[in-house]
Amino acid sequence: MTAPRTSGASGAPAPTPARPARRLATRLSALTALFVLAGLLLTGALVALPAASASATTPSPSFLPTARDGKATVELVGSAPVLAAPGSTVTLTLRVTNGTDSVLEGAGLDLGVSWRPLTSREDLSAWAEQDGKATAAKQAEEPVERLAPGGSTEVTMDLEVDALGLSAENPWGPREMSVALTRGGSTLDVVHTFLLFAPDGDAPDPVSVSVVAPATGPAVDPLDPGGYDLDLATATATGGRLTRLLDAAAVTGSSPGMSLAVDPALVAAAAAADDEDAQAWATRLTGAPSPDDADDAADTSDETADASATAASLAGATSAPAGEPADVAVLPGYDPDLAAVAHAEPSRADVAAATGGEAALGATWQRPADWELTLAWPEGRPDAATLAAGREAPVDQVVVAEGLAPADGVAASARTAVETPSGKVPALVADAGLSSAFASLTDQDDAPTDAEASTRVLADAALVALQQQESGQQDVHVLAALPRGWSPDPALVGSVLGALHDASWADVVPLSETVAAPASRVPRDEPARGGKAGRSEDELAPASVRRLLDSHRDLAAFSTVASDPVELSGDADQALVAPLAVAARTEPTARDRAVDLAVEQSDALQRGIGVADRSNVTLVSDTGKLPVTVSNELPVDATVTVVLRPDASRLVVESRPTVVVPAGTSTNVHVPVRAIGSGDVNLQVEVLTPSGTVAAGPTSFSLRVRAGWETAGTAVVAALVGLLFLGGIWRTVRRGRSSARTTGEGVAAAAADPQGPEATSASEPDTHDGSPDGGPVDRPDDPGGGPPPAARTSPAPATETDPS
């Protein structure tokens, strides 16, 4: 039985535990609201008292007067039992609201039911989404008593199943049912719903249903970072869209929960935000412990344990802890628009770059270990090129939210392989009917009630189960995929999920189970038409996508100069991927600015390595080392290779030295060269990254090669030295010996006269000089008076031979 929709239903997810600093403010706000509400109720009661006394019908105290929208409406509040069996009575509870400025009187409700079963899911969707005043065959009527402007009341209607002529012989399945609000022969409003007829023992085998919603954030405007922070804080605050989304996905005692496909850039931004609500949202989603919540853990441990035990009783629903999503898949970082990328004729590396935004988050992001499934999620109905791009992306599956419906209306599991020109693409194709039904469960005024939504989803799942039975298939897994920006009503979603899981013909399972199920081979519709006609006007233009992809490719090659490329280029990588986000479709002007700024940031980073200019150089030897000055203005050390490219073969570069240039410094790199011949050579200088791309240059300078000059100069100097040596010898020979030198005879005489002639002359007076008349002088040692000693002659000059 489906319970009436009320505020604070037991199926609502437990809210995130409040921090101690907020509890007092929350309680004060609640007390203030109660006083204000009491005042309003008292005022309303005093004003409405005269009208009530004159009215035959008093509005139900369960419902306060609603805002007047100029219409009188009827809503289905409850239907019991859920399954109508032969001989049973179905009781409908309906709410009638007078949204006009005049009294509603003379109105009535007409209940219509068709005995014919629905067999087409297209027909079922058409009936549920019928905006007109069409009704089924009238079976019962009930008057609505007088309603004051803004008043609301509940009316109960009973339907005897046997009065429809339905018996055990009639087929199992949903029938069209309507309730019309009429007055004076005019139909004021109609609610379209379904009667689920179930003969005993005829229920089909259950079909498995997974429900997944994307958790993506607002577009990033680089010129307004504060605007992004504000949008994120608003979305993660109490009652914010992302908070409601997490509440709706949570496993509770009455709901099996649903799956989320999250943008890791969004979660990383929330975790690093200054806003406490954003941090709490990220902590709750990732399951990471929060120090701020440590004091609250003891207070809530018992309640959590009870909720987990109750959730575990949902057999086969999920293994996720209470309060957390059934499971979590991961989208590419910044949720890139796969269609826009595909229409820019990308290479495989381009697709990997566009969908690799998670890696650019670096140390700011650590994916939880149990977030293993990765998805690409194209916006709208994808064409073959978009699906082919998904095949090149580093993901496990491509979610197809629109299109590729099974042919001939047969049941088909969501998992399939789609044929494209580049090969088969693993895809998860969403079920259009169930996706539409769950998408309506929002916090908007036009959202259905619990009973209306539950009946619609149960009827749709019933037809899928019947199709599974008729086709002889087993274990069919279907998928309901919700749109980006979906803002759910958590209580409503939990109620519908609980009702679906309680049905005997359906099981709600995590997305991972649908991915693990066998792939369907049922023929499907073709992808959307490609080409220019297939492009959405909201997509980023292919030329702009091409600029981003080219810049990303160049930056990836350049960033290999760092030991950790992400540390160097992470911010620029994120800036290049952010304009590709699907969310940026709604902000085309900001998106164009983001493209320009991202490319400029990337170019500026790539100019961080430089080569100093130098004047011409002369090389006078056969070998040498040419100095090249490399500067590094990057915030990290850079590993580079210096390359010289001569324009003539007379110079050979011996090697390409690789050096590490510290951050913020310059280094002289010496490049060895060898000269083969003389002449002028122009040298081109390039600095390469470890990946082989040019990090700086090319620049050039001239080199005057004078090969052999060093050898020739050495020979000339040696020859001059030799000549000087020979000249000295020749000068010595030309000058000859002096008169003081002795001859061979002198040597012999000296040997005979040890005293030497000088000694004799000293001891004996000179006979010539000593005699007054110059005559001979008698010598005492010559008694014989012999003849005088022979006269001494000058020695003949000696001749020296050339030692050479």
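The values are calculated or read from the model by the stated rules, or taken from the named source; none is laboratory data. None of these values were measured; they are calculated from a predicted model. Backbone-built Cβ (ideal geometry, glycine too); neighbour counts: all protein chains shown. Just so you know, the surface numbers come from the protein's heavy atoms only, side chains and all, with ligands and any DNA or RNA stripped out. Shrake-Rupley method; radii C 1.70, N 1.55, O 1.52, S 1.80 Å.
Overview of results
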quantity	calculated
Failed item in (1) modelled with pLDDT of 95 or more; (2) touching a Pro at 6+ places or on another chain (Cβ under 9 Å); (3) open to solvent by less than 10 Å² (accessible area, probe 1.4 Å), with T514 passing the rest	(2)
Answer residue from segment 205-243, given it is open to solvent by less than 20 Å² (accessible area, probe 1.4 Å) and part of a loop (DSSP other than H, G, I, E, B) and is modelled with the lowest pLDDT among those	G217
Residues being in contact with a His (Cβ under 6 Å, 6 or more places away or on another chain) and under 15 Å from S186 (Cβ atoms) - total across segment 130-150	0
Residues of segment 478-511 classified as open to solvent by 10 Å² or more (accessible area, probe 1.4 Å) and more than 25 Å from L242 (Cα to Cα), total	4
Matching residues in segment 654-674 - criterion: being in contact with a Lys or Arg (Cβ under 8 Å, 6 or more places away or on another chain) and surrounded by 16 or more Cβ atoms within 10 Å (Cβ to Cβ)	V671, V673
Residues within segment 310-346 that are modelled with pLDDT under 95, charged (D, E, K, R) and open to solvent by less than 10 Å² (accessible area, probe 1.4 Å), tallied	0
Search result, residues across segment 595-634 that are among the hydrophobic types (A, V, I, L, M, F, W, C), open to solvent by less than 50 Å² (accessible area, probe 1.4 Å) and under 17 Å from R674 (Cβ atoms)	V617, L619, L626, V628
Test: residue in segment 51-69 that is of a type in the set (V, I, T) and at pLDDT 95 or above	no
Criterion: touching a residue at least 60 places away in the same chain (Cβ under 8 Å), touching a strand residue (DSSP E or B) at 6+ places or on another chain (Cβ under 7 Å) and of a type in the set (S, T, N, Q) - qualifying residue of T618, T641	T618
Of all residues in segment 165-214 being polar (S, T, N, Q) and under 52 Å from the mean Cα position of the chain (by Cα), the one that is nearest to P378 (Cα to Cα)	S210
Selection within segment 537-579 - acidic (D, E) and either more than 24 Å from E686 (Cα to Cα) or without any contact (Cβ under 8 Å) to a residue 12 or more places away in the chain (or both)	E537, D538, E539, D550, E567, D571, D573
Condition broken by D202, with the remaining ones in (1) out of contact with any Asp or Glu (no Cβ under 8 Å at 6 or more places or on another chain); (2) of a type outside the set (V, I, T); (3) in a helix (DSSP H, G or I) satisfied	(3)
Residue that is hydroxyl-bearing (S, T, Y) and modelled with pLDDT under 95, where the choices are S551, S520	S520
Single residue of R741, R704, R674 found to be at pLDDT below 75 and either closer than 30 Å to A638 by Cβ or of a type in the set (K, R) (or both)	R741
Candidate set: segment 456-477, residues that are closer than 22 Å to A128 by Cα and open to solvent by 10 Å² or more (accessible area, probe 1.4 Å); chosen: the one modelled with the highest pLDDT	R456
Total residues in segment 336-357, condition of a type in the set (S, T, N, Q) and in contact (Cβ under 8 Å) with a residue 12 or more places away in the chain	1
Matching option when the condition is out of contact with any Lys or Arg (no Cβ under 6 Å at 6 or more places or on another chain) and either of a type in the set (G, A, S) or closer than 30 Å to A462 by Cα (or both), among A414, A344	A414
All positions within segment 405-429 that are buried (at least 16 other Cβ atoms within 10 Å of the Cβ), among the hydrophobic types (A, V, I, L, M, F, W, C) and assigned to a strand (DSSP E or B)	V418, V425, A427, L428, V429
Residue that is most open to solvent (accessible area, probe 1.4 Å) [pool: residues in segment 129-182 that are out of contact with any strand residue (DSSP E or B) (no Cβ under 6 Å at 6 or more places or on another chain) and outside any loop (DSSP other than H, G, I, E, B)]	D162
Qualifying positions in segment 575-590 - surrounded by 23 or more Cβ atoms within 10 Å (Cβ to Cβ) and out of contact with any strand residue (DSSP E or B) (no Cβ under 8 Å at 6 or more places or on another chain)	A575, L576, A578, P579, A584
Complete set of residues in segment 372-404 that are more than 20 Å from V545 (Cα to Cα), modelled with pLDDT under 95 and open to solvent by less than 20 Å² (accessible area, probe 1.4 Å)	L404
